[in-house]
1. Can you tell me the relative contact order of the range 179-246? Whole percent, Cα pairs under 8 Å, sequence separation 6 or more.
2. Quick check: pseudo-label points 7 Å beyond the Cα along Cα→Cβ at D81 and A50, how many nm apart are they?
3. In square nanometres and to one decimal, what's the mean projected area of the convex hull around the Cα atoms of the chain?
4. Once you keep just the Cα pairs under 8 angstrom separated by 6 or more residues, what percentage relative contact order results for the chain?
5. For the chain, with the dipole built from +1 on Lys and Arg beta-carbon atoms and -1 on Asp and Glu ones, taken about the Cα centre, which of T274, C217, S113 lies farthest toward the positive end?
6. For the chain, set up a Gaussian network in which alpha carbons nearer than 10 Å are linked by springs, and say which option among G64, G207, G264 fluctuates the most.
7. Could you list which residues have their amide H under 5 Å from that of R48, counting only those 5 or more apart in sequence or on another chain, with H placed in the peptide plane?
8. Amide H to amide H, which residues 5 or more places from V95 or on other chains are under 5 Å from it, using H placed in the peptide plane?
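Every number in this text was worked out from the coordinates using simple rules, so none of it is lab data. A quick note: this is a predicted structure, and the numbers were derived from the prediction, not measured. We place every Cβ from the backbone using ideal geometry, glycine too, and count neighbours over all the protein chains shown.
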Amino acid sequence: MIYVHVPFCRSFCTYCDFYSELAPACRTGTERPFAQWTEDICAEIGARRAEIADTLSVNTLYIGGGTPSVLPPECLGRIVDTLGYGPYDEFTVEVNPEDLVEKGPDYVRSLLSLGVNRISMGVQSLDDDILRWMARRHDAAGAGKAFRMIPEGVSRSVDLITGVPGMSDDSLQRTVDEVVSWHPEHISAYQLSIEEGSALAGMIADGRVKEAPEEQCRRQYELLCGMLSAAGYHHYEISNWALPGHEAVHNSAYWTRRPYVGLGPGAHSLRICTDGRQVRSWNSRRTSGWTVEGSEILTSEEIREEEIMLLSRTDRGPIPERDWFVADDIISGMI
């Protein structure tokens, strides 16, 4: 179970606080910093080969970001070849609509030729005013065009955001109606959160924007749940819906605490050792020359708390009776 963090973005969204770097205006993998990042990922693969092999009971590869679709195909190909564990049961790449529209069908075919069988597209909304407010580079028409470039037979996932300041229920309903008409196999929808260090946090702090009220967030989540249920989507995790049989294998393994290796700057990993110890580690947050910056051995109490917290997000329940009091404390802290 392998995750690769691509830290590059063409521009930064209003709400985002993920570690990212501005992507160079180039189209080939021979130019820096794409070339250097690719070399560093391949070096990390070599250094952590044994650790990676220990996670392959879940044979998935997920390339996320940042914006992986800014990368030239040869960079992704070099990483896939260096890993050498394919074909994967699930191989996901995150994309932004504008990259697919700009690069065209040949780019999509290049992804599929690498073994990609799942594409996750960050749409967020189909309201052009909302997209401009988010500082997204695509518009609604571009998102539809990009989605139609992905052939059937590939598992297609669409990301949406709810609880946005100024987003009306009608706007959300139009977005969901249109996305459902595309028939994606999977839909993820997240409530907008105010992350420290994001442009949005600064806009709220100086009074330019007011956070969406709790009632709006609750109402829009319920609207979303009802619409997707009526359209036949299985609500298998608090923020994820899938047509039956298309639930995300990789992400579902996170929620059941399977071991995974995160490669790249800012990536996290979970290792379960032969002696039973569970070790979480994280990489330093810089694009070039990163290392595993820190690690911790999880206590039995921390492991149990994580299990309950993650279980409470899914439809796998119920929580064992012996853990009710712990679960109540954890869930209360999440609200």
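1. Values: 44 pairs, mean separation 29.7, N = 68.
This gives 44 percent for the range 179-246.
2. It works out to 2.8 nm between the two label points.
3. That works out to 17.3 nm².
4. 18
5. S113
6. It is G207.
7. none
8. S120, M121, G122
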